[in-house]
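Peer 1: First, the structure itself, so that you have it in front of you.
The values are calculated or read from the model by the stated rules, or taken from the named source; none is laboratory data. Bear in mind the structure is a predicted one, so any value in this text is a computation, not a measurement. With ideal geometry, Cβ positions are generated from the backbone for all residues, glycine too; neighbour counts draw on all protein chains shown.
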Amino acid sequence: MAATAFAASPLAGVKLATRSAVATRRTSRAAPVRAAADTATATASIGETFAALKKRNQCAFVPFICAGDPNLDATEKALAILDEAGADVIELGVPYSDPLADGPTIQASATRALASGTTLQKVIDLVARVSPNTSAPIVLFTYYNPIYQRGFEKFVKEIADAGAKGLLVPDIPLEETPEISRICKQNGLDLVLLSTPTTPIERMEKIAKASNGFIYLVSVTGVTGVRTGVESRVEELVQKLKTVTDKPVCVGFGISKEEQAQQVVQWGADGVIVGSALVKALGEAPSPEQGLENLEKLAKELRAGSNRAGAKAPGTKGGFFANLFGKK
């Protein structure tokens with residue numbers, strides 16, 4: 001789907017727990033997975049996550065991968081790798097046969113995932129397994145048709161019980177989000193909306209008001225995909241959004257390198273969203289093992305690029321880089 005199409009669209013969400021609390025949970029991976037409702041108190045909301053990042057003067061790193069590519073076992077390991085690499089929020093895509101907002105890389109990823117037998121139920125089950133041991137909030141990215149087939153209230157309750165903290169549905173218009181947002185709020189989910197380069201300022205303000213957790217700023221007019229550079233107008237778009245809202249603004253589409261992430265941070269974004277580059281690193285490798293290695297390397301580079309100079313490390317008083325090198 002071109003960005004102009006979902007200028008009328010909005011949606012995505014997110015979660016975070018303190019690293020110390022999550023470290024404690026990781027020591028008991030062999031324990032039976034409890035329902036997300038049992039662990040929700042240990043996990044911050046998206047709003048709380050971004051509030052904590054703001055106090056540290058830090059920018060969020062938000063990676064995206066497609067569930068089931070190359071298989072669900074690899075996805076489970078990939079989520080752990082992204083979490084350990086410093087992801088603040090993780091977008092997990094539900095593979096769909098007609099992903100209109102996505103470019104060739106993510107379309108191919110979804111096709112591979114479906115061919116491997118990935119279903120919506122299997123993705124929900126995966127979230128239930130990993131969420132108790134994942135510090136970064138998981139946001140499900142899915143198109144509306146699978147939700148419609150399942151029933152929206154049932155779907156929202158199921159993913160909330162599984163431990164998801166947010167939802168992104170790119171093909172629902174802004175005008176149809178109030179009831180959906182109400183149901184999400186009732187179940188502790190954030191419905192994050194999207195704004196695009198072609199969104200008029202008046203509509204941008206409405207999207208910002210309706211969005212929960214953060215606002216997803218699409219940086220290009222087009223579909224997802226790796227690009228050689230980030231368009232300079234992104235700086236203007238970020239600043240324009242910030243004139244109508246004080247909610248966090250995260251920039252996505254086209255970011256694939258550490259220096260591109262750093263540029264977006266310097267332009268004032270509150271979060272850097274990376275999808276196609278990570279999906280390609282994982283899903284197009286000659287083996288799942290090699291894909292996981294590629295993913296880890298790239299995720300660490302992008303995390304570094306998303307760091308704001310002088311940001312404080314979690315639970316410390318020193319700057320981020322001072323703590324990185326052991327200086328207090």
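Peer 1: Looking at (1) surrounded by fewer than 24 Cβ atoms within 10 Å (Cβ to Cβ); (2) part of a loop (DSSP other than H, G, I, E, B); (3) at pLDDT 95 or above, which is the one condition that is false for Gly310?
Peer 2: Answer for Gly310: the failing condition is (3).
Peer 1: For region 160-173: of the residues being part of a helix (DSSP H, G or I) and in contact with a helix residue (DSSP H, G or I) (Cβ under 6 Å, 6 or more places away or on another chain), which is nearest to Ile90 (Cα to Cα)?
Peer 2: This residue is Ala162.
Peer 1: Let me ask something additional. Tell me, which residue of region 60-101 that is in contact with a Pro (Cβ under 9 Å, 6 or more places away or on another chain) and of a type in the set (Asp, Glu) is farthest from Gly283 (Cα to Cα)?
Peer 2: Among residues in region 60-101 that are in contact with a Pro (Cβ under 9 Å, 6 or more places away or on another chain) and of a type in the set (Asp, Glu), the one farthest from Gly283 (Cα to Cα) is Asp88.
Peer 1: Out of region 148-189, which residues are of a type in the set (D, E, K, R), out of contact with any Lys or Arg (no Cβ under 8 Å at 6 or more places or on another chain), surrounded by 18 or more Cβ atoms within 10 Å (Cβ to Cβ) and under 19 Å from Ile215 (Cβ atoms)?
Peer 2: Across region 148-189, the qualifying residue is only Asp171.
Peer 1: Asp171 - would you say it is within 30 Å of Pro286 (Cβ to Cβ), at pLDDT below 95 and not small (Gly, Ala, Ser)?
Peer 2: Here the answer is no, as Asp171 does not meet what is asked.
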